[in-house]
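Shown next, in C-alpha cells, is the structure this report addresses.
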Amino acid sequence: MIIDKNNEKAYGEALDLYHGTSLIKRCNIYAGNFQDLKNSDIVIITAGAAQKVGETRLDLTKRNYEIIKDISKEIKKYSNESIVINVTNPVDVLTYFLWKEIDFPKNRVIGTGTILDTARFRALVSKQCGVSPASVHAYIVGEHGDSELMVWSSATIGGVNIKDFCKVCNIKNCKNLRDIFEETKNAAYTIIEKKGATNFAIGVVTA
C-alpha cells in the first residue's frame with residue numbers, strides 16, 4: 001500500500017507498479033490512507049523535503065522533522081504493532097526523533113543508516129577492480145552523510161585485505177582507494193545534480 005499527501009500521485013504510482021505484478025510473485029499494490037495501516041507488519045517512511053543542489057542531508061532536518069512528527073502520530077494511532085523503517089534524510093537523526101516520538105521499542109524503529117553507502121562503495125570498488133560486488137567485503141559506518149567513515153582494517157576483496165589486493169591487481173591507472181571513498185561519500189550530490197534525486201539504489205537497499 002502506498003500513502004501520499006497527494007492522493008492522486010499515490011494512485012498513479014500504485015497503478016504503475018500494479019501493472020507489473022503479473023511478472024512477479026502474487027502481491028497486491030494499491031493506494032490508501034493512514035487508517036489502512038491497521039495490522040501492517042512493516043511501515044516504510046520515505047516522505048520528506050527533497051534535497052536541493054548544494055544542500056547537505058543535515059540541512060533537511062527542520063523541514064523533515066515536522067513531516068516525521070506528523071507521520072509518527074498516525075502510525076502510532078493505526079499501526080502500533082508494526083516495525084517502522086525510516087528512509088527520510090537525515091536518516092540517522094530522524095530515525096532517533098521518530099523513535100522518541102512514536103515510543104515503540106527500539107528494535108521496531110530502524111533506519112537505513114549507511115547500508116546505501118556501503119553498497120555504493122562495494123559497487124565502485126568492484127567496477128574499478130574488475131571483480132564481482134559479492135567478492136568485496138567492506139563497510140562504511142557512522143553517519144549517512146558527510147562524516148561517514150570507512151572501516152579499512154576489515155575491508156577485503158576475495159578474502160584478501162583490500163590494500164594488499166590493490167598492490168597486485170595489475171590494473172593500470174587504478175584509482176586511489178581514498179578517491180573511491182570520496183566518490184562514494186559525494187555520490188548523492190552528483191546524482192542530485194544530474195537527475196534531481198536518488199531513488200533506485202536506496203529502494204533496492206530498503207527492500
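We did not get these values from a lab; they are worked out from the coordinates using the rules stated. Remember, predicted model here, so these are calculated numbers, not experimental data. When we count neighbours, we look across all protein chains shown, and the Cβ atoms used for this are built from the backbone with ideal geometry, even at glycine.
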Check: Can you work out the FRET efficiency for the pair Arg178 and Ser40, with r the C-beta to C-beta distance and R0 = 30 Å, to the nearest 0.05?
Finding: 0.10
Check: For labels at Lys195 and Val151 in the simple 7 Å Cα→Cβ model, what's the distance in nm?
Finding: 2.9
Margin query: With 10 angstrom as the radius, rank Ile24, Ile2 by how many other C-beta atoms surround their C-beta, starting from the fewest.
Written below: Ile24, Ile2
Notebook entry, point to check: Pairs Lys167/Lys194; Lys69/Lys106; Lys76/Lys100: which exceed 23 Å Cα-Cα?
Noted result: Lys167/Lys194
Check: Just how far, in whole angstrom, is segment 41-112 from segment 131-159 if you go by their alpha carbon centroids?
Finding: 25
Note to self: Need one number: nm distance between label points at Tyr30 and Lys76, each 7 Å from Cα along Cα→Cβ, rounded to one decimal.
What the structure shows: 2.9
Item checked: Point-charge dipole on Cβ atoms (K/R +1, D/E -1) for segment 115-206, about Cα centre, debye to 20 -> 380
Notebook entry, point to check: Check Val43: other-chain or 5+ apart residues with amide H under 5 Å from its amide H, H built from backbone geometry?
Noted result: Ile83, Val84, Ile85
Notebook entry, point to check: GluC sites (Glu not before Pro) within segment 71-137: which are DSSP loop residues with at most 10 other Cβ atoms inside 10 Å?
Noted result: Glu81
Note to self: If you take Kirkwood radius over Cα pairs in Å from the coordinates, which of (i) 19.5; (ii) 18.6; (iii) 19.0 do you get?
What the structure shows: (iii)
